[in-house]
Amino acid sequence: MESDLVNLTIVKYGTNLTLISISLSSTIADLKNHANLALDSCLDIGNYIYENSTVLKNIPDIRKKRIFEIIPSKRAIGGGGVPLLFNSMEKPLMLNFAQTASEWNRLGKGMNLSGICVNSACQAFNLFVHCPKGFGKFNMSKEVHKTGCPKCNKNVKDCNNVFFFLCKYTVEGLIQGETMERKYSKTIDDQDEFETFENKDEDLKNWEYLEIEVSSLN
Ligand SMILES: [Zn+2]
């Protein structure tokens, strides 16, 4: 007798992420829950499951083709899901380096994130820390949960602002409630300055998705 289970590969942004097994009698809602668990994702994939650009309607439809593609929709998405609360990057500030900085406030070339250390055994406990990330392509929904204090390496809280130094970066993302994806690039090439963003409450926005690609200048 044929097994009721079907194995599916979940693909996101062109990268094979994980393999999940699901029963053919499952619903698409079950599949989304499975996928979110498997991906350890905060991303609502509610509207994002496609097979050859067609939104999947039920599991038996896809038993032959076992590759899933999760593509962020460019349409505004109402309700559901857990968006990423992160700086809108609308109010850039070019700042000079301080004469002295604690070892947990040093910026590296490329992208740096910030947060508050929550480890009471760490010298930087309750302090604002900078976490160098360098170069690469960053899925920010994941990145904010993988950002450790530079002193103790424990995950920081309030990781919601970004600092760029001597790099070129490209932002690609969708803010909740908006219909147009934001996509632009910028070069930060002054040795004496770095870029960050005003970070008051009103500067934080819910991103449906946010990807930042950072490359070196030469
Ligand atoms: Zn720490």
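Read-outs throughout are calculated quantities, based only on the coordinates presented, and are distinct from any laboratory measurement. Not measured: the values here are computed from a predicted model. Using ideal geometry, Cβ is built from the backbone for each residue, glycine included, and neighbour counts are taken over all protein chains shown.
Below are the figures for this structure:
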item: Label point 7 Å beyond Cα of Thr187 along Cβ direction - residues of the stretch 204-218 with amide nitrogen under 19 Å; result: 213-218
item: Amide H contacts of Phe128 (H built 1.01 Å from N, under 5 Å, at least 5 apart or other chain); result: none
item: Fewest-first sequence of Ser102, Ser114, Ser216, Ser120 by Cβ atoms within 10 Å of each Cβ; result: Ser120, Ser216, Ser102, Ser114
item: Potential lengthening between Ser120 and Lys91 on full extension [0.36 nm per residue; Cα-Cα distance subtracted]; result: 7.2 nm
item: Pairs beyond 19 Å (Cα-Cα), from Lys133/Lys157; Lys91/Lys133; Lys109/Lys205; Lys157/Lys205; Lys146/Lys200; Lys157/Lys186; result: Lys91/Lys133; Lys109/Lys205; Lys146/Lys200; Lys157/Lys186
item: Amide N of the stretch 166-208 lying under 20 Å from the label point, which is placed 7 angstrom from the Cα of Leu217 along Cα→Cβ; result: 166-171, 185-197
